[in-house]
Amino acid sequence: MVKEYHEVLPKGRIGKALSYTYRIYHRLARYHLDGRYGIDNKPAENTIRQIALGRKNYLFCGNHSAAEDATVIYSLFGCCKEADVNFRQWLVYVLDNIHSYDNDYSKDLVKLLPKQWKTQYQANPMYNKIL
């Protein structure tokens, strides 16, 4: 790369590619100096792929209200995934119990979120037998 860098046209495609690579070579070479660095960012890309696909799919929801509804469902699904909660079990529980919160203002809706639900209800063996 160092040998060819000065022999190609700087405005051409190869010249632009070599110029870019030459400027950041010290950062690109880090991965072989320390084994903790990965050669690519595939794990990070795989983590955000679902968000990017969801963003693309919102364009085809039909209207703004449907896109907002899809966003809420995707967000709740993501929260369940992050908390390692079975989405179906959690959703069945929430739909069965959401109306108990209608008139009782002493209850906190935060208890229905996946992370809190996991600590309170998923550990209950009686509830797991029902589902």
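The values are calculated or read from the model by the stated rules, or taken from the named source; none is laboratory data. If you're wondering where the values come from, they're calculated on a predicted model, not measured in any experiment. FYI the Cβ positions are ideal-geometry reconstructions off the backbone, even for glycines, and counts take in every protein chain you see.
Residues that are surrounded by 11 or more Cβ atoms within 10 Å (Cβ to Cβ), in contact with a helix residue (DSSP H, G or I) (Cβ under 6 Å, 6 or more places away or on another chain) and free of Cβ contacts under 8 Å to residues at least 12 places away in the same chain within the stretch 5-28 comprise just one, Val8. Between Tyr93, Tyr121, the distinction of being surrounded by 10 or more Cβ atoms within 10 Å (Cβ to Cβ), aromatic (Phe, Trp, Tyr) and at pLDDT below 85 belongs to Tyr121 only. Residues of the stretch 29-86 that are modelled with pLDDT of 85 or more, more than 16 Å from the chain's Cα centre (by Cα), assigned to a loop (DSSP other than H, G, I, E, B) and surrounded by 10 or more Cβ atoms within 10 Å (Cβ to Cβ): Asn86 alone.
So which of Ile98, Ile73, Ile39, Ile51 is under 30 Å from Tyr5 (Cα atoms) and not assigned by TED's automatic domain parsing to the domain that holds Val8? Only one candidate passes the filter, namely Ile39.
Anything in the stretch 87-120 that is among the polar types (S, T, N, Q) and in a helix (DSSP H, G or I)? List them, or say none. The answer is Gln89, Asn97, Ser100, Gln116, Thr119, Gln120.
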